[in-house]
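Asker: First, the structure itself, so that you have it in front of you.
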Amino acid sequence: MFREDEDLGSVLYTIRRASIADLYDVCTIEETSFDDPYPRVLLAELLRRCPASFVAIDVNGRVIGYCVSSMRAEEAHLISIAVLRSRRRIGVAKTLIDELSRFLSDRGVMVLNLEVRVDNGNAIRLYSQLGFRRVGIVERYYSNGASALRMQIRLSRASRR
């Protein structure tokens, strides 16, 4: 299976749209990834309302990472992205964002926005490496009072592969 230093390219994985059957895996990843995880009922609602933009990566039938966005006209918002803790730093998040970006670009979306905790250096570095730029701070964004960095990337036809 995986080793911690293994690249995602060295294992068989499937990128697909998540379904309600993935709710248990998605909730488990969400709950182990965030101090204030989205509740199960909200994740289930996102699976129902945003099925086309709810992307999952699975290995051997189990979801190891997911992301979901909302779309409105030419803008999208990354609602959540999370990767199973034991599968981090092997390219899962980058693969998810690349797939989501292609999907959004193919539908005419030009901008993808997200918020990330100002103290989440690993995520900020990843988003910066993927081309997101810092566009502002949202004070007291999180329920615990923490602020968020708002980041944005302009999508282009180059996102398509």
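Asker: Looking at this structure, is Ile79 at pLDDT 95 or above, surrounded by fewer than 20 Cβ atoms within 10 Å (Cβ to Cβ), within 13 Å of the chain's Cα centre (by Cα) and at negative phi?
Answerer: Answer is yes for this residue.
Asker: Would you mention how many residues in the stretch 125-161 are assigned to a helix (DSSP H, G or I) and either modelled with pLDDT under 95 or touching a His at 6+ places or on another chain (Cβ under 8 Å) (or both)? Show your work before the answer.
Answerer: First, pick out the residues of the stretch 125-161 that are assigned to a helix (DSSP H, G or I): 125-129, 157-159.
Narrowing the set further to residues that are either modelled with pLDDT under 95 or touching a His at 6+ places or on another chain (Cβ under 8 Å) (or both) leaves 157-159.
Matching residues across the stretch 125-161 total 3.
Asker: Which of the residues spanning the stretch 16-64 are surrounded by 13 or more Cβ atoms within 10 Å (Cβ to Cβ) and of a type in the set (Asp, Glu)?
Answerer: Asp22, Asp25, Glu30, Glu31, Asp58
Asker: Do the conditions hold for Glu115, that is, is it touching a residue at least 40 places away in the same chain (Cβ under 8 Å) and either buried (at least 21 other Cβ atoms within 10 Å of the Cβ) or of a type in the set (Asp, Glu) (or both)?
Answerer: On the way: touching a residue at least 40 places away in the same chain (Cβ under 8 Å): no; either buried (at least 21 other Cβ atoms within 10 Å of the Cβ) or of a type in the set (Asp, Glu) (or both): yes.
No, not satisfied.
Asker: Which of the following residues is surrounded by fewer than 16 Cβ atoms within 10 Å (Cβ to Cβ), polar (S, T, N, Q), touching a residue at least 24 places away in the same chain (Cβ under 8 Å) and under 19 Å from Gly65 (Cβ atoms): Ser156, Ser101, Ser86, Ser143?
Answerer: Values: Ser156 fails: under 19 Å from Gly65 (Cβ atoms); Ser101 fails: surrounded by fewer than 16 Cβ atoms within 10 Å (Cβ to Cβ); Ser143 fails: under 19 Å from Gly65 (Cβ atoms).
That would be Ser86, the only listed residue that is surrounded by fewer than 16 Cβ atoms within 10 Å (Cβ to Cβ), polar (S, T, N, Q), touching a residue at least 24 places away in the same chain (Cβ under 8 Å) and under 19 Å from Gly65 (Cβ atoms).
Asker: Does Val83 satisfy the criteria of being within 19 Å of Asp36 (Cα to Cα) and of a type in the set (A, V, I, L, M)? Full working, then the answer.
Answerer: Details: within 19 Å of Asp36 (Cα to Cα): yes; of a type in the set (A, V, I, L, M): yes.
For Val83, the condition - within 19 Å of Asp36 (Cα to Cα) and of a type in the set (A, V, I, L, M) - is met.
Asker: Give all pairs with beta carbons closer than 9 Å in which a residue from the stretch 16-43 that is at pLDDT 95 or above and basic (Lys, Arg) meets a residue that is surrounded by 17 or more Cβ atoms within 10 Å (Cβ to Cβ) and not in a helix (DSSP H, G or I); count only pairs at least 6 apart in sequence or on separate chains.
Answerer: So the pair list comes out as Arg16/Val55; Arg16/Ala56; Arg16/Ile57; Arg16/Asp58; Arg17/Phe54; Arg17/Val55; Arg17/Ala56.
Asker: Out of all the residues in the stretch 116-145, which are under 14 Å from the mean Cα position of the chain (by Cα) and among the aromatic types (Phe, Trp, Tyr)?
Answerer: Tyr127, Phe132
Asker: Hey, another quick one. Considering the stretch 129-161 alone, what residues qualify as being in contact with a strand residue (DSSP E or B) (Cβ under 8 Å, 6 or more places away or on another chain) and of a type outside the set (A, V, I, L, M)?
Answerer: In the first step, residues of the stretch 129-161 are kept if they are in contact with a strand residue (DSSP E or B) (Cβ under 8 Å, 6 or more places away or on another chain); the result is 130-138, 141-142, 146-155.
Once the filter is applied, which keeps residues that are in contact with a strand residue (DSSP E or B) (Cβ under 8 Å, 6 or more places away or on another chain) and of a type outside the set (A, V, I, L, M), the stretch 129-161 yields Gly131, Phe132, Arg133, Arg134, Gly136, Tyr141, Tyr142, Ser147, Arg150, Gln152, Arg154.
The values are calculated or read from the model by the stated rules, or taken from the named source; none is laboratory data. Please read these numbers as outputs of a predicted model, since none were measured by experiment. Please note: Cβ atoms are built from the backbone with ideal geometry, for glycine as well, and neighbour counts cover all protein chains shown.
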